[in-house]
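Nothing in this text is a laboratory measurement; each read-out follows from the coordinates by a stated rule. Computed from a predicted structure; not experimentally measured. Cβ sites come from the backbone with ideal geometry, for glycine too, and all protein chains shown count toward neighbours.
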């Protein structure tokens, strides 16, 4: 059966990057033909299939505005953009990662900074998650947002520790960093636009039940 | 910096203003025909008046002092000011009282959302008319106003704020856990609802029911065969549906997961959806306890529409029609 979101009247936002392969595998399993997406690395809009592809962090933006009815993205993205008015419908289970605080091995420079300076400097791509985590645990933190490899920041003295997502911990280890705290477990999530969720309830429920089966 | 407007506010120029005016004129005709006279209340209220309705809702984010040191707030909705007005200016007037308004309200903005601080709301308050008759009148007026505005494809989601809390209580969930679960539901986080239910280690059938009910939304088929703790809610909604004219009934979808962030709602609540716009265009519901806070206990119902969103949806519908 070559069922697609399009002929169910839906448009689905699919994340490129680390979650792409498992997302397409999931769609294949529930009978949605993803061959065109797999074959076209550069195309973004697959109107025939009702699939659009984008960076994971853009998925909530499209879904909130209703430019996509449904989307798949990581819980890390949803935590960082927690103000988005979207529905989180299902935990898809794959893409499991942990949001952690990490610093250089040995005596924890973060703890030392907190004790002696009263404030810890943190580099991260997730400034809001980092800010919230330190605030909720009663510690003052100065959060530095970086766009590229976060691991570099503590090695060069820019910061005392980092907040980042890790799957296996390999990259951290290779850069001499150790996990100090776990903030949250993150997996891929299915999200929906709240208006589409009401007006296209039957199609969305059908898709969700197939995904959850 | 002085040459631009504050974040979340904007200027409206003649072409847009003409369209907004025309839209509001068409809605106002519907309201006036229904006996809803237009009122305007001050943008500024004393904090202590505004606070009465705010026991459980987000308070106005803008406060200032007057020359005597009184704290004033910019109104964050029109329902509370109209409740104050009714209790003071219509102390002994016969009920029901019917008012409509077209006014700006002010709200806090969440970062990165491009949200408005100042938004133009069109709405009505029907005071002294209990449910279900009052609710039917408000729903009918809501749909007629949206049709007069020119929208063709909108739907009104109808729910009841007491439905899910009642269900939680009847299944033995205590007040604190209920609040946590309702909080997840208000955020639209169904994964969070499932996680919290799993934490409570309740019988599978109960957890399954609590997970399924907020996902129940659709036509009147939803109201069939409701039993146990859902029996009363189903009966209430069926009665309401039976009292609606077909033109209004055809616009209604039932939504058992509808929750509202405004704390003063006490029963039926509604939310307006249009497939041409990704966010609700407005909403409303019954607030049978609010007037008592101002010393004139009366059942009441009302709704408010975001005029700019109605305008955006109208344009999108028109473009789709070509």
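For residue B:211 and residue B:3, the FRET efficiency from 1/(1 + (r/R0)^6), where r spans their Cβ atoms and R0 equals 60 Å, is about 0.70. Placing a pseudo-label 7 Å from each Cα along the Cα-to-Cβ vector at residue B:88 and residue B:11 gives an inter-label distance of 3.5 nm.
For chain B, what does the alpha-carbon gyration tensor say about shape, rounded, prolate or oblate, given a ≥ b ≥ c as the root eigenvalues, a/c under 1.5 as rounded, and a/b over b/c as prolate? Here chain B falls in the rounded category.
If contacts are Cα pairs under 8 angstrom and at least 6 residues apart, what is the relative contact order of chain B in percent? This gives 23 percent for chain B. The GNM of chain A, with springs linking C-alpha atoms under 10 angstrom apart, assigns the highest mean-square fluctuation among A:163, A:144, A:107 to A:107. Using alpha carbons only, the radius of gyration of chain A set against its Kirkwood radius gives Rg/Rh = 1.05. Applying 1/(1 + (r/R0)^6) with R0 = 35 Å to the Cβ-Cβ distance of residue B:200 and residue A:35 gives a FRET efficiency near 0.20. In this rough spin-label picture, where each label sits 7 Å from Cα along the Cβ direction, the residue A:28-residue B:315 distance is 4.4 nm. With a cut-off of 16 Å on the backbone N, the residues of segment A:164-182 near the modelled label site 7 Å out from residue A:57 along Cα-Cβ are A:164-166.
To the nearest whole number, what is the average tally of beta carbon atoms from other chains within 10 Å of the beta carbons of peptide A:190-202? Mind dumping the intermediate values first?
Working: counts 2, 4, 2, 2, 7, 13, 3, 7, 12, 9, 1, 8, 3.
Mean partner-chain Cβ count within 10 Å for A:190-202: 6.
Secondary-structure-derived ellipticity at 222 nm for chain B, considering helices only, amounts to -12000 deg cm²/dmol, per-run term -39500 (n - 2.57) for DSSP H runs with n ≥ 4. Applying 1/(1 + (r/R0)^6) with r as the Cβ-Cβ distance of residue B:70 and residue B:292 and R0 = 22 angstrom yields a FRET efficiency of 0.35.
Multiplying the sequence separation of residue A:21 and residue A:48 by 0.36 nm and subtracting their Cα-Cα distance, what value in nm do you get? If you can, show how the numbers build up before the last one.
On the way: separation 27, 0.36 × 27 = 9.72 nm, distance 1.98 nm.
So the chain would gain 7.7 nm between residue A:21 and residue A:48.
Taking a point 7 Å from the Cα of residue B:25 along the Cα-to-Cβ direction, the residues of segment B:128-161 with backbone N closer than 16 Å to it are B:148-150.
In degrees from 0 to 90, rounded to the nearest 10, what is the angle of the helix A:201-212 Cα long axis to the longest principal axis of chain A? Once rounded, one gets 60 degrees.
The long axis of helix B:14-33 is offset from the longest Cα principal axis of chain B by roughly 60 degrees.
Which whole-number percent is the relative contact order of segment B:118-197 (Cα, under 8 Å, 6+ apart)? Don't skip to the end; give the middle numbers.
Details: 21 pairs, mean separation 10.7, N = 80.
Relative contact order here is 13 percent.
Taking every DSSP beta bridge with both residues inside the protein assembly as shown, roughly what % is antiparallel (nearest 5)? DSSP beta bridges in the protein assembly as shown are roughly 75 percent antiparallel.
Net length available on complete extension from residue B:247 to residue B:227 is 4.3 nm, with 0.36 nm assigned per residue and the Cα-Cα distance removed.
Translational diffusion of segment B:171-215, estimated by Stokes-Einstein from the Kirkwood radius over alpha carbon pairs at 37 °C in a medium of 0.692 mPa s, is 317 µm² per second.
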